[in-house]
Each structure stands twice: as C-alpha cells, then as structure tokens.
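Visitor: Take this structure, written in structure tokens, and hold onto it; I'll ask about it next.
The values are calculated or read from the model by the stated rules, or taken from the named source; none is laboratory data. Computed from a prediction, not measured in an experiment: that's the story for all the values here. With ideal geometry, Cβ positions are generated from the backbone for all residues, glycine too; neighbour counts draw on all protein chains shown. The accessibility values were calculated without ligands, DNA or RNA, using every heavy atom of the protein model including side chains. Shrake-Rupley method; radii C 1.70, N 1.55, O 1.52, S 1.80 Å.
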Amino acid sequence: MLIANRGEIAVRVIRACRALGLRAVAIYSDADRDALHVRLADEAHRVGPAPASESYLNAPKILEIAHEAGCEAVHPGYGFLAESAEFARLVERQGLLWVGPPPEAMELVGDKLAARRTAQREGVPTVPGVYEPLRTLEEAREAAQEVGYPLLLKAAAGGGGKGMRLVSDEQELKNSFARAVSEVEQAFGDPSVYVERYVPKAKHIEVQILADHHGNAVHLYERECSVQRRYQKLIEETPAPLLSPKQREEMGQAALAIARAVGYRNAGTVEFLYDVERKEFYFLEVNARIQVEHPITEMATGIDLVQWQLRIARGEPLDFAQPDVRPRGAAIEFRIYAEDPDQNFLPSTGRIRELLWPSGPGIRVDAGVERGDRVSPYYDPLLAKLIVGGESREEAIERARRALEETIVVGVATTVAFHRETLEDERFLQGSYTTDFVATLKPQGLSPQERALLAAAAALAYEQERRALREALQSSAKAQEALWKWASP
Amino acid sequence: MTQEKSRYTVRIRDDLVEVELLPDSSPSRPEEGSGFRALVNGEEFAVRLTKRKREDSRGRGLYTLALDDRSVTLWIEGRGRRYEVLWHGRSFPLTVEPARTFALRERFRGREAASDREVEEIRAVMPGLVVQVEVQEGQRVQPGDGLVVISAMKMENEIRAPRAGMVERVTVREGQEVRKGELLCVIRPEEGEGR
C-alpha cells in the first residue's frame, strides 16, 4: 500500500495496513525526512522538496514511487490529492487499486452544483438557492432577489468553505461578482458560481457512510462539527446534541440516497447544514474521502473505518448491515493544531521540545508528531487529534477536561487552551452552539489565583537557580582551597 | 542554608505581582526541592517546586508545583530574569526581578522623558505575503484591532494590536513578501497605558 500523505492520517493508514498484514510504503518531502509516518512505515521514499506542489501533490512522481516499490494500492488520506478524480483515474489506469470512491462518483460530488441537483432529484432538502451556474451579473441579481439577502456566493468547484463569500446586499453583489468569478476561475479552473441563502444560526452536521462494491451501503450516524474557524473544524462530536432521533434517522437515509444516486463506493461523508431556528436540515456537499474526524465515529460504533476502506477497495463485502450499526455513548474529538488561539489561530512553527499525551479510559490520541519533531510552515498545522469517549456526553466532557489538563506541548502554540475554554462555555455544554461559536468566544483572562500561581512558580525557579549557583560557587571555592592545601607543601 | 527572605517583583503580561519567599523550616528531602512559604500579593501559601526530569542541565523543563494541597505540572524555561511558563496550554512570558532592583529601575525610568517610553514592535510571526495593511501612521488602535493581514500556508492571518496606542510607523506595504520576524509596524502605547 502506498500512502500518498503525511502527518497523523499517514500514521493512521499505516496502522490499518498493519492490522491487515499489508506492507505500508510512505512518501516524504524534504521537510518530513524524519517525520513519524516515515519512521513507522515499512519503507519510505523521498517524493520531492518541501512545498506541497513539488511533493505531496506531485502525482507523476508518487505513481513512479508506487511502481518502484511494487505497491498494489494507493491510499490518498485527506487533503492533497484525496479528492482529485484525475489522480484517482491515473492510479486506476496504472493498474493500481484506488482506496476511495470511483473517479466518476468523485466528479459528480466534486461539482457542488451537480451535487445539489442530485440531492434535489432524490428529494433531499437543499439550502434554498439556484441549481445552475450564474453566468452574468444580471442572472446573479435575479437569483439573489429570489433567494434574498444576505446570501452566500459559492464556487461550484469549491467546497469546504473555499471560494465562498458572504454578500449582504445588491450593491455588494454588483461590486464583487466579477471579481469572485475571476478568482474562482483562477483557483479552480472553473468559473461556475451560484448563490444560496445564508443561514445565520446553523449547525454543521455530517453523516458517515460506507458502501462496498456489492451493492451494500450503510450509514454510521452523524457527527456535529460546528466549532470551526475559517470553515476549518476544531471540535467534532457524536451524537449531535439537540438533534431528534427522527431527524437523525432521516439524515442517515438522505445520505444513503445521495450516495446511491452517484454510485458512491468506499468511505464518504455527506454534509448537512442544520438551521437551528427552523429546525430543518439541508444537504450541503459530499466529502469523497476519509475525514479528519472519523475516529469519533469509530469510537462510538466500534467500526474501524480506515480498515474498511482498505477491505472495500480490495473487493470485500461489508460483513454487517444497518441494524448492526449501534453507536454507544458519546465521543468528542479535539484537534490539536500548532496554532495560537490568542493570535487569531495564527499557525505556529518550531521544534516540539516536550510532548505529553493523556491516557486512561475513553482516551485515544492520533498523533502525527513526537517529541523532538519540527513543525514546518509548509503543511496543515494539525499535530494530533485527542478523541474522548464516554457513556454519556457529560462523562465524555468530564474526561476531556482531565485529558486536556494532562496534555503538554512545548515549543509551539497549540489549540489546547482554546479547547479547555470551550469546555467551560455554556453554549457548548448545552449543545446549543452554532458555526459562529469560535468568532463569538470571549478570551478569558487570568484569574488572580492563576496569576499568583504563575508568579510563585517563576519566582521559585529564579530563587532555586540562584541558590544552586551560590552553592556551586561555594563548593568550587572549597575545592580550590583543598587543591591549594594539597599542592602547597 | 540561610534563612533569609527573598522578595521578588514578577511581571505577567501587564500585571505586577509581589512574591516573598521564605525557606520552610520543616524538614524536607533535598531531592524533592526545598519547600518555601510564599507570600503572593498578601496571601500565604506553602510552595514547593520540583523538577520532574533531570537530564536537562539548564533551568528549563517540566516541574511539579505544589501549592498548599494542590499540585500542578508546569513547563518552565528561564533565561536570565525572563521566564516562560506553560500553563493550561498557554505560554506566559514572565520577568522575575529582586524587588529592590525592580524598584530602583522603575524610579530611574520614571525620570526618563515620555518619548523614551517603550514602543511595541509588531513583527511577522511567520513568513508570508502582506495582503492588507489596515492601519495608517498616526492612527489610534485598541487592543485586538487588526493591523496587517499576512497570507501564509494559503491562510490569511490578521495581526492584531496587542495593546492600545498610536501607530507610529508602518514599515510594510500590500503585496510585499515578509520574512519571519520582519518589522511590520510600531505602536506607541498611549499615555497611562502599559506601565
């Protein structure tokens, strides 16, 4: 198995390979020569210089390595080439197994407008908006009038928040439409844009699915991912708080309907927007890959998703059916990014000088780094994922507090402090939080007790250093004296 | 060991904390680090700071701080009077000075002209491209106000004002590439701010 990725997901795939007795071949850029995924793989090959475009995105080079190493399959992880139908096709054309959905299905869901049309055909609710690309400002204005302001102007080739902008009125639409189209064309090579109603108080809820090559498909229930910054998730949990059992079932069925309609195979995620005020859900998009947050589903269902990705790819049928999927308790994932929550989540680079992970019941840590590793500025700054489970959401939260307390990362700023504060926020504790949560979280200052503790620690460190120095000087003076006594007669 | 009392002034961000340390007379095992009575802002605690790993010969490392009946793990790194303490996932820069030295220096500083007041240099935290300069020279800013937007790793990062003040200089323009640590702008804290 060639793993065309890096970091924690490469490590995760290596572990799944081991479980199935497969040889894991890693690739690495110059910045990752000593990375954890390289150390854990059975063998590792250099793919190119540090920039992603010359390494983890270099499809021809990756395929060359796959051949040299005698690989039979390629796992793309997430990000990089994972959602490139073109790469999937290249892999298959070379006679290698692609661990992912068929390229045709990837294309169908990769075009967000086509996916919207599919959802509509299948009777799955979609966010009110248009279903065909808007070519001119005139078309956009007409569509906007129908949808109403504020609205979202989105790229058909975008997704995950890329190529998306909030437009609050017609003037803004006039000002930004042409620029948006040219930006979108530059970024994705496809100028298609469309508009959708903006839902101000929304939750982001997604459904995990697994489909094999024998016509079997199951959903593994939902994950709520509303704690986001820049449309990037920070915390995910399952089950989604506040979702009714009926809606949970409906969402699962909707996800399966869309998966079937596009001929989806392997693991995938169907994303929905949940309008908190109207208590309705709308189809958003399909993510044709394994997702960062898959471990919470694994923890709740006991089903190893990455292992199933490999088994489905090699033609095995699912050995369980929908009624066998019975999630238990609650699970929460905290993404430990090398980012400073006090600096607007600015990425932080450096060497990890000390690293302590938590352990104990209900705790899982999927890390891509170890103590001593360097966090480079070239890639996604995700260091690790802390996954915490419990019989109830309350138990999971209680365990998470302890686990975050035990987590120590020295050398780079991390999101650990942010997670600790989130676990004290009333909106998170009640489960009523929406996608604007991070933007509205107020930074907490130090309490007088905390200030006293820190001041005492620093003063003590200073005092002890001073005393140690004084003792060392005294003993060296004594030693010199002794030396002179010995030397003088 | 002498039974002298040590008095320190510790600065945490913009706050000053007075710490008085007196070696605890109760017997202690030396390998655990000696115990102290600490008077912090008028409150008294029994404290003991123990280094957890000894392989690092310099002052930095993981410590256990016992504060009365509570025990916490901290990473402490010190260079001269400057310390960095990692607490609850956040890194806090602190400066420790003997209270007498601090008082002397403050008195001296008080005589200096207002124009010699320390300025805040805002530097690029990572290499990237300046996509937006949000302030002009002479503009007043509040803590948290956006100053410069830098694009790095395909992400836009807004550098914000750490404190209130006046933008004295802007040293970059839009479209410019900056290296890590490069000066972006200079903020002069407002009168009555900071000190």
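Visitor: For the subset of segment A:35-57 comprising residues that are under 19 Å from residue A:85 (Cβ atoms) and open to solvent by 40 Å² or more (accessible area, probe 1.4 Å), which member is farthest from the chain's Cα centre (by Cα)?
Guide: A:53
Visitor: Only one of (1) open to solvent by 20 Å² or more (accessible area, probe 1.4 Å); (2) of a type in the set (Gly, Ala, Ser); (3) within 13 Å of another protein chain (Cβ to nearest Cβ) is not met by residue A:329, so which one is it?
Guide: (3)
Visitor: Between a residue in segment A:118-130 that is farther than 19 Å from residue A:200 by Cα and any residue that is assigned to a strand (DSSP E or B), which pairs come within a Cβ distance under 7 Å, given they are 6 or more apart or on different chains?
Guide: Listed pairs, sorted by first residue: A:119/A:126; A:119/A:283; A:120/A:126; A:124/A:283.
Visitor: I'm trying to understand the selection: among the residues of segment B:73-94, which are more than 7 Å from chain A (Cβ to nearest Cβ) and in a strand (DSSP E or B)?
Guide: Once the filter is applied, which keeps residues that are more than 7 Å from chain A (Cβ to nearest Cβ) and in a strand (DSSP E or B), segment B:73-94 yields B:77, B:79, B:82, B:84, B:93.
Visitor: Would segment A:382-392 turn up any residue that is farther than 22 Å from residue B:74 by Cα and within 14 Å of another protein chain (Cβ to nearest Cβ)?
Guide: yes
Visitor: Applying the selection to segment A:184-220, what residues are over 24 Å from residue A:432 (Cα atoms) and in a loop (DSSP other than H, G, I, E, B)?
Guide: Across segment A:184-220, the qualifying residues are A:189, A:190, A:191, A:192, A:212, A:213, A:214, A:215, A:216.
Visitor: Considering only residues that are closer than 16 Å to residue A:337 by Cβ and either surrounded by 18 or more Cβ atoms within 10 Å (Cβ to Cβ) or among the aliphatic types (A, V, I, L, M) (or both), which ones fall in segment A:358-376?
Guide: Those that are closer than 16 Å to residue A:337 by Cβ and either surrounded by 18 or more Cβ atoms within 10 Å (Cβ to Cβ) or among the aliphatic types (A, V, I, L, M) (or both): A:365, A:366, A:367, A:368, A:369, A:373, A:375.
Visitor: Also, quick follow-up: When residue A:439 is evaluated against the numbered criteria (1) out of contact with any helix residue (DSSP H, G or I) (no Cβ under 7 Å at 6 or more places or on another chain); (2) open to solvent by less than 80 Å² (accessible area, probe 1.4 Å); (3) more than 11 Å from chain B (Cβ to nearest Cβ), which criterion, by number, is the only one it fails?
Guide: Only one criterion in (1) out of contact with any helix residue (DSSP H, G or I) (no Cβ under 7 Å at 6 or more places or on another chain); (2) open to solvent by less than 80 Å² (accessible area, probe 1.4 Å); (3) more than 11 Å from chain B (Cβ to nearest Cβ) is unmet by residue A:439, namely (2).
Visitor: A further question on this structure: Just give me the residues in segment A:91-110 being of a type in the set (A, V, I, L, M) and crowded, with 22+ Cβ neighbours inside 10 Å, in sequence order.
Guide: If the condition is that a residue be of a type in the set (A, V, I, L, M) and crowded, with 22+ Cβ neighbours inside 10 Å, then A:91, A:99, A:105, A:106, A:108, A:109 are the ones that fit.
Visitor: With B:126, B:153 as the choices, which residue is at pLDDT below 90, open to solvent by less than 20 Å² (accessible area, probe 1.4 Å), closer than 30 Å to residue A:352 by Cβ and within 14 Å of chain A (Cβ to nearest Cβ)?
Guide: Answer to the selection: B:126.
Visitor: I'd like to verify a number: residues in segment B:57-72 that are facing chain A (nearest Cβ under 9 Å), in a loop (DSSP other than H, G, I, E, B) and surrounded by fewer than 18 Cβ atoms within 10 Å (Cβ to Cβ), how many?
Guide: 1
Visitor: Among the residues of segment A:169-209, what is the count of those that are of a type in the set (S, T, N, Q) and open to solvent by less than 60 Å² (accessible area, probe 1.4 Å)?
Guide: 3
Visitor: Return the only residue of A:325, A:365, A:375 being within 20 Å of the chain's Cα centre (by Cα) and either touching a residue at least 40 places away in the same chain (Cβ under 8 Å) or over 24 Å from residue A:424 (Cβ atoms) (or both).
Guide: Being within 20 Å of the chain's Cα centre (by Cα) and either touching a residue at least 40 places away in the same chain (Cβ under 8 Å) or over 24 Å from residue A:424 (Cβ atoms) (or both) holds for just one of A:325, A:365, A:375, which is A:375.
Visitor: If you don't mind, there's one more thing I want to ask. Residue A:427 fails exactly one of the following numbered conditions: (1) more than 11 Å from chain B (Cβ to nearest Cβ); (2) over 26 Å from the mean Cα position of the chain (by Cα). What is the number of that condition?
Guide: (2)
Visitor: Of the residues in segment A:346-361, how many are more than 8 Å from chain B (Cβ to nearest Cβ) and in contact (Cβ under 8 Å) with a residue 60 or more places away in the chain?
Guide: Of the residues in segment A:346-361, 3 are more than 8 Å from chain B (Cβ to nearest Cβ) and in contact (Cβ under 8 Å) with a residue 60 or more places away in the chain.
Visitor: Regarding segment A:377-385, can at least one residue be identified that is outside the structural domain of residue A:355 (by TED's automatic domain parsing) and open to solvent by less than 30 Å² (accessible area, probe 1.4 Å)?
Guide: no
Visitor: Just for helices (runs of 4 or more DSSP H) wholly inside segment A:96-160: which have at least 2 residues that are within 22 Å of residue A:291 (Cβ to Cβ)?
Guide: A:103-110, A:112-121
Visitor: Residues of segment B:163-189 being free of Cβ contacts under 8 Å to residues at least 60 places away in the same chain and farther than 26 Å from residue A:376 by Cβ, which ones?
Guide: Of everything in segment B:163-189, those that are free of Cβ contacts under 8 Å to residues at least 60 places away in the same chain and farther than 26 Å from residue A:376 by Cβ turn out to be B:164, B:165, B:166, B:167, B:168, B:169, B:170, B:171, B:173, B:174.
Visitor: Which residue is nearest to the other protein chains (Cβ to nearest Cβ), if the candidates are limited to segment A:332-345 and must be of a type in the set (A, V, I, L, M, F, W, C) and out of contact with any Leu (no Cβ under 7 Å at 6 or more places or on another chain)?
Guide: A:345
Visitor: Next question. Just to check your reading of the model, which residue among A:401, A:420, A:470 is more than 8 Å from chain B (Cβ to nearest Cβ) and under 29 Å from residue A:357 (Cα atoms)?
Guide: A:401
Visitor: Another question, then. In segment A:442-465, which residue that is open to solvent by less than 80 Å² (accessible area, probe 1.4 Å) and over 20 Å from residue B:64 (Cβ atoms) is nearest to the other protein chains (Cβ to nearest Cβ)?
Guide: Selected residue: A:446.
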